[in-house]
């Protein structure tokens, strides 16, 4: 194990001591055995419920955001001021590496409360000294047109946004033959497709830089060579474990060296990565993390919404126990908006009203994930459920299949 | 806040800053060393919205946040804040928590949009400055999501707009709530009673405008306490003639000391108020202000947003060279704004609809949700 910041790692491990989560999964907190410590996963957040927070370290918590979980048991992500500032400082340095300066006027078109993306980006831009316009997401053509006009009026020259919102703005600009002033676009939350990247370059001479970030951590950002995300090992330790997948990526574990309230140590993000330590043509000496896929069954929908096929299937099986098979179809409705079409096949012999079952399934899917629920409310995702009878027997293994037919695969 | 300086020094300091302001600086030119405050001209909404909306900061040395507010003249207003301004405003909001008797380390659910409009972020920063644990949540989440967040975080304080609390009332019920802090819109007495009954907590209203915070209620709910280190209040006669005495109603005029990028001095708010220096039983010293309504004829397009009729008519007349414009607003199952124009054509109809829809982001959202309909007809 190589850490270029052993002091920070020691501090982090000492914070983990006394944590009921780490006490449960680890037998040792010895830094010498770091690479043999069992990885942590999102179960850690179950140990940071509000009652646990109130009983322990509550004097340090300043803000609480959310990520995933169901609508009824959302996942709390608490921050102290120290780690909030540390995150903002790191993100700011990475933004500055691609040319964002205190002369830059930036619109932050990311989700805000209860999500961390918008506030985190804004805090980083404030550290740099930018002029900042917090504008939120776009999920309709009318709003896109209104905000595009504001962006041009206000002479905004950079955007920090998600690709779905960028698609809306691009569509609005093309349809109204309006200018598009921003020349620097920093994206996060969703995979940035080569198509969208090229369109922004060719039509508006705007350069897109994708970030690699989640609620749990800000990891890195692309440079002009667009070959991986530069990250600072003094801030984030990335380890690759397990066998390679079909494109050579391995399961990534991250350690966020300045995490405090929820110490993230060898945390499995669910992504596969490759790491490149060779010098980059851009001149930055920081290594690069190259994204190489996500865990099987994880879906990224428009708006940066992450949900898994297993979450959807579990909610459906619970709400409609007669379901034997679930097919999940993903299609593009319009730029920036996806259709989540779930088709249930019921076991043979079912006699009853499909309408009630459909309603139950719709509600269950809406509530299976806080992110998805928000995306549905905002109109970034459209949900449809279809029910069929089938000849499948009531017993036997259930099947879940995913068909991604979107024009832009995220 | 310029604590310790005399009021006169602070006002002169504000005027000196205001003279440099690119948007309304000319108004104050020559008044930096005024002999009498009455010689300093009034600032109105027209001064803030009439000029170009590009950054008013001539030289910037730190980050600037730009928020928007819709205004009542049909044009959006931009309200910029430096990091230092936000810190100053946060200190005033920290004082609000003292007046409201909010316990230290309270868990505060700030149920307000954290983007575009400033009120959400400023409230969140204010509570953080007061040492509270802040849970910022935008208002476009579903009820079930908000319910999940409330059940999970068990907030002691909910800070939100009255219309938002009304919308989510059934999912906000939680035994831990001690204070409901309302702001952003006029709080009606019927709403206060409804919220207190449903949530089992005192509802304390905070009064402010986009241009500046004014004050907040204490648990006795009798007027808004304000700190004269942060805001200076005057009342002028609604008909513009003669002084206004204690306990008499007049138009509220504010001068705000905690906002370097918008050094508001003698700003006519359009609100009808009275002021009293009678001490409050809560023990907080200083004057209090009571709000009675608005000056002039307004259409309350939806909660939290009213538009001055004459301003909208003037805007449409000027933009489209119309001979006559009349407005009719009805509120049935949904809100309907009928705009009668002369001359009428389908082109004019489209142009009028476009202008009105783009008055404010809120209008776009209300139309999209089917809660507001705009109809344009010929006379």
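A short reminder: the numbers here are calculations on the coordinates, not readings from a lab. Only a predicted model underlies this, so the values are computations on that prediction, with no experimental measurement involved. Virtual Cβ from ideal backbone geometry, glycine too; neighbours counted across all protein chains shown.
When both the stretch B:330-349 and the stretch A:160-187 are represented by their alpha-carbon centers, they are found 32 Å apart.
Protection proxy ranking of A:152-158, A:369-375, by the mean of other Cβ atoms within 10 Å over each peptide's residues and highest first, is A:369-375, A:152-158. Summary value for the stretch A:144-284: 14 percent relative contact order, contacts being C-alpha pairs under 8 angstrom separated by 6+ residues. How high is the FRET efficiency between residue B:190 and residue A:355 when r is their beta carbon distance and R₀ equals 35 Å, given to the nearest 0.05? Efficiency for this residue pair is about 0.35. Hey, rough spin-label estimate for residue B:166 and residue B:295, points 7 angstrom out along Cα→Cβ, what's it come to in nanometres? Taking the two extended label points, one gets 2.7 nm. Applying 1/(1 + (r/R0)^6) with R0 = 51 Å to the Cβ-Cβ distance of residue A:202 and residue B:249 gives a FRET efficiency near 0.25. Rg then Dmax, both in Å and based on the Cα atoms of the protein assembly as shown: 27.6, 93.
Per residue of peptide A:362-370, the mean number of Cβ atoms on other chains within 10 Å of the residue Cβ is 2. Segment residue B:84..residue B:369, full-extension length gain: 98.8 nm, with 0.36 nm per residue of separation and the alpha-carbon distance subtracted.
Classified by the C-alpha gyration tensor, the stretch B:100-202 has a rounded form. Its axis ratio a/c, with a ≥ b ≥ c, is below 1.5. A crude spin-label estimate for the pair residue A:41 and residue B:22, with each label 7 Å from Cα along the Cβ direction, gives 5.4 nm.
Under the criterion of Cα pairs below 8 Å and six or more residues apart, the relative contact order for chain B equals 14 percent. Sort chain B into rounded, prolate or oblate with this rule: let a ≥ b ≥ c be the square roots of the eigenvalues of the Cα gyration tensor; rounded if a/c is under 1.5, and if a/c is not under 1.5, prolate when a/b is larger than b/c, oblate otherwise. It is oblate, given that a/c is not under 1.5 and a/b is not larger than b/c. Separation of the stretch B:102-133 and the stretch A:194-271, taken as the distance between their Cα centroids, equals 31 angstrom. For a test of the definition: using alpha carbon positions, the gyration tensor, and the 1.5 limit on a/c, classify the stretch A:93-208 as rounded, prolate or oblate. Judged from the Cα gyration tensor, the stretch A:93-208 comes out rounded (a/c under 1.5).
The distance from the alpha carbon centre of the stretch A:295-322 to that of the stretch A:329-398 is 10 Å, rounded to a whole number. Ranked by the mean number of other Cβ atoms within 10 Å of their residues, highest first, the peptides A:81-87, A:122-128 fall in the order A:122-128, A:81-87.
Mean per-residue shielding of peptide B:107-117 is 5, counting Cβ atoms of other chains within 10 Å of each Cβ. For the stretch B:105-240, the relative contact order comes to 18 percent (Cα pairs under 8 Å, sequence separation of at least 6). In this simple spin-label model, placing a label point 7 Å from the Cα along the Cα-to-Cβ direction at both residue B:105 and residue B:238 gives a separation of 4.9 nm. By DSSP, the beta bridges lying fully in chain A are antiparallel in about 55 percent of cases.
Other protein chain C-beta atoms within 10 Å of residue C-beta, averaged over B:361-371: 2.
Based on alpha-carbon atoms, the Kirkwood radius and the radius of gyration of the stretch B:231-334 give Rg/Rh equal to 1.08.
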